[in-house]
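The values are calculated or read from the model by the stated rules, or taken from the named source; none is laboratory data. What you see is a predicted model, and the numbers here were worked out from it, not measured in a lab. Cβ atoms come from the backbone with ideal geometry, glycine included; neighbour counts cover every protein chain shown. The protein model used for the area step is the full one, side chains on, heavy atoms only, and it has no ligands, DNA or RNA in it. Shrake-Rupley method; radii C 1.70, N 1.55, O 1.52, S 1.80 Å.
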Amino acid sequence: MNIIIVGCGKIGCSIIESLVREGNDVVAIDDDPSVIEEIGNIYDVMCVCGNGADTETLEEAGVAKSDLFVAVTNSDELNMLACFVAEKMGAKHTIARIRKPEYNDKSLDFLSKQLNLTVSVNPEWMAAKELFNILKLPAAVNVENFSGGNLEMVEIRLKQESILDGLSLIELRRKYKAQFLVCAVQRGESVFIPDGNFVLKSGDRIGITATSSEIQKLLKMLNLIQKSAKSVMILGASRIAYYLAKRLINSGSRVVIIDKDARVCETFAEALPDAVVICGDGAEQELLLEEGLESTDAFVALTGMDELNILISIFATTQNVPKVITKVNRNELAAMADKLGLESIVSTKKIVSNVLAGYARAMNNSQGSNSIETLYRLMDGGVEALEFNVSKDFVGLRTPLKDLTLKPNILIAGIIRGRKAIIPGGMDEILPGDRVVVIAAGQQYFDLNDIIQ
């Protein structure tokens with residue numbers, strides 16, 4: 001597929017890397033010559049230096065033949081204008097990054113219709129949603145939703161001396177009667193799609209699919225249940241912090257936001273009157289302790305500096321804060337943070353690249369009919385969770401799952417039928433109109449038929 005990316009910052013580079021890995025033909029546009037030179041040295045893409053809303057620049061990039069045009073510069077207005085011009089010049093689909101709260105709160109639908117945008121993405125809003133889901137279920141390292149929340153996949157780290165240590169998955173299902181499925185396990189650098197004979201060990205990171213109520217039931221049985229965070233301290237008055245604080249306050253949580261920029265603090269205090277906004281240097285441990293770090297349910301580090309987020313998060317863990325979440329965008333630092341014991345790590349660029357990769361795959365499968373609805377990359381990218389819409393063309397329709405011969409490292413982890421989520425067993429069947437969640441390792445899939453051997 002021919003894809004043009006305008007804006008080669010952190011988000012843009014992550015999207016480029018993801019789409020090139022998926023086998024797409026990518027053109028990168030940026031108005032900074034040094035950035036374009038670096039992109040050309042790193043990735044196998046065509047590079048154009050210029051303004052993404054300029055017709056000559058877009059013509060040079062081949063916009064008339066583009067299947068997808070994505071604008072992710074730092075300017076919402078430039079992104080919208082670039083998509084508008086690209087669509088007029090022949091781009092089939094356009095996606096704009098639109099981050100400002102005033103656009104997203106009030107006029108996004110109107111703007112999307114007037115500009116004929118295919119999709120708008122807000123990385124900060126998406127990250128806030130992911131953070132909020134984790135804070136609702138603090139025992140989890142990560143939480144992903146399918147089909148509007150009818151089915152969840154949670155990742156849990158098994159602590160040392162876990163009661164699950166040495167237990168096979170068959171024994172686990174027999175011992176705990178909740179309706180769930182362990183669908184992926186990360187052990188060190190290795191990732192497994194387990195069968196019933198797989199034996200769990202302390203230190204494993206496991207992915208479980210179930211409905212929200214069954215997840216709660218299972219965690220309670222495992223003595224892992226933690227109350228949702230009712231008091232949250234946020235370091236860094238960023239856009240993510242704004243969207244997250246708004247969600248938390250609406251759910252009844254007490255929120256403290258700390259930032260050293262007085263002007264930003266004043267803006268936040270006006271926009272979020274129910275939050276406690278503190279102007280001060282959150283890198284000072286004494287300030288955090290004075291503001292109640294030791295008694296808070298959760299600490300979320302959202303500054304623009306990955307290193308600071310990691311260091312202060314480690315300090316929060318030493319103060320026995322029940323839940324600590326850290327924003328880290330750089331891959332090498334995210335890996336280091338994990339080794340240092342920080343379990344819940346969120347990256348805005350990964351969230352957006354997953355969305356764009358899923359959308360591009362769905363477009364690649366436009367001639368097929370069992371298309372991708374949702375794509376998540378889990379377990380440090382070693383596993384993909386894909387939600388497919390099932391059509392009458394699926395070759396495995398109305399066949400018991402035990403009789404389907406799936407390709408290696410594939411697991412059908414959930415079936416959503418209407419508003420009912422089914423944790424599948426061997427006798428369950430897939431019907432037209434279902435949504436099916438597939439867990440896959442080591443291979444990319446574009447169509448549900450591809451998983452059949």
The range 250-277, residues that are closer than 9 Å to Ala237 by Cα and part of a helix (DSSP H, G or I) = Val264, Cys265, Phe268
Inter-residue pairs, beta-carbon under 7 Å, first closer than 18 Å to Val72 by Cα and in the range 30-56, second of a type in the set (Asp, Glu) and part of a loop (DSSP other than H, G, I, E, B), 6+ apart | Cys49/Asp31; Gly50/Asp31; Asn51/Asp31
Are any of the residues in the range 120-133 out of contact with any Lys or Arg (no Cβ under 9 Å at 6 or more places or on another chain), touching a residue at least 12 places away in the same chain (Cβ under 8 Å) and over 23 Å from Cys13 (Cβ atoms)?
-> yes
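Do the conditions hold for Leu333, that is, is it of a type outside the set (S, T, N, Q), in contact (Cβ under 8 Å) with a residue 60 or more places away in the chain and over 22 Å from Lys230 (Cα atoms)? If you could, list the steps in order and put the result at the bottom.
Working: of a type outside the set (S, T, N, Q): yes; in contact (Cβ under 8 Å) with a residue 60 or more places away in the chain: no; over 22 Å from Lys230 (Cα atoms): yes.
Taking the combined requirement at face value, the residue does not satisfy it.
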With respect to the numbered conditions (1) in a helix (DSSP H, G or I); (2) without any contact (Cβ under 8 Å) to a residue 40 or more places away in the chain; (3) surrounded by 15 or more Cβ atoms within 10 Å (Cβ to Cβ), which one is the sole condition not fulfilled by Arg247?
-> (2)
For the range 283-366, please list each of the helices (runs of 4 or more DSSP H) lying entirely inside it that holds at least 2 residues being of a type in the set (Val, Ile, Thr) and open to solvent by 20 Å² or more (accessible area, probe 1.4 Å).
-> 306-318, 348-364
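Counting only residues that are of a type outside the set (Ser, Thr, Tyr) and open to solvent by 30 Å² or more (accessible area, probe 1.4 Å), which one in the range 116-129 is farthest from Ala71 (Cα to Cα)? It would help to see each step written out before you state the result.
In the first step, residues of the range 116-129 are kept if they are of a type outside the set (Ser, Thr, Tyr); the result is 116-117, 119, 121-129.
With open to solvent by 30 Å² or more (accessible area, probe 1.4 Å) added as a condition, the list becomes 116, 119, 125-126, 129.
Numbers: Asn116: 14, Val119: 11, Trp125: 17, Met126: 17, Lys129: 22 Å.
Taking the candidates together, the pick is Lys129.
Using the structure shown, decide if Leu58 is among the hydrophobic types (A, V, I, L, M, F, W, C) and either within 30 Å of Ala271 (Cα to Cα) or in contact with a Pro (Cβ under 7 Å, 6 or more places away or on another chain) (or both).
Values: among the hydrophobic types (A, V, I, L, M, F, W, C): yes; either within 30 Å of Ala271 (Cα to Cα) or in contact with a Pro (Cβ under 7 Å, 6 or more places away or on another chain) (or both): no.
In short, no.
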What number of residues within the range 134-156 are assigned to a helix (DSSP H, G or I), without any contact (Cβ under 8 Å) to a residue 60 or more places away in the chain and at negative phi?
-> 0
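Only one residue in Ala275, Ala241, Ala229 is within 19 Å of Ile310 (Cα to Cα), surrounded by 14 or more Cβ atoms within 10 Å (Cβ to Cβ) and touching a residue at least 24 places away in the same chain (Cβ under 8 Å). Which one?
Numbers: Ala275 fails: within 19 Å of Ile310 (Cα to Cα); Ala229 fails: within 19 Å of Ile310 (Cα to Cα).
Within the list Ala275, Ala241, Ala229, the selection yields Ala241.
Output the residues belonging to the range 12-50 that are closer than 19 Å to His93 by Cα and not acidic (Asp, Glu). First the steps, then the outcome.
The initial filter retains those residues of the range 12-50 that are closer than 19 Å to His93 by Cα, namely 12, 15-16, 18-20, 22-29.
Result: Gly12, Ile15, Ile16, Ser18, Leu19, Val20, Gly23, Asn24, Val26, Val27, Ala28, Ile29.
Got a sec? Which of Ser371, Ser391 is over 25 Å from Ile215 (Cβ atoms), open to solvent by 30 Å² or more (accessible area, probe 1.4 Å) and of a type outside the set (Phe, Trp, Tyr)?
Working: Ser391 fails: open to solvent by 30 Å² or more (accessible area, probe 1.4 Å).
Among Ser371, Ser391, only Ser371 is over 25 Å from Ile215 (Cβ atoms), open to solvent by 30 Å² or more (accessible area, probe 1.4 Å) and of a type outside the set (Phe, Trp, Tyr).
Of the residues that sit in the range 156-191 and are among the β-branched types (Val, Ile, Thr) and touching a helix residue (DSSP H, G or I) at 6+ places or on another chain (Cβ under 6 Å), which one is nearest to Lys220 (Cα to Cα)? If you could, list the steps in order and put the result at the bottom.
Here is the first cut: in the range 156-191, the residues among the β-branched types (Val, Ile, Thr) are 156, 163, 170, 182, 185, 191.
Then keep just the ones that are touching a helix residue (DSSP H, G or I) at 6+ places or on another chain (Cβ under 6 Å); that gives 182, 191.
Values: Val182: 16, Val191: 26 Å.
Here the answer is Val182.
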Residues that are closer than 23 Å to Val436 by Cβ and modelled with pLDDT of 95 or more: which strands (runs of 3 or more DSSP E) entirely in the range 159-213 hold 3 or more of them?
-> 181-187, 205-210
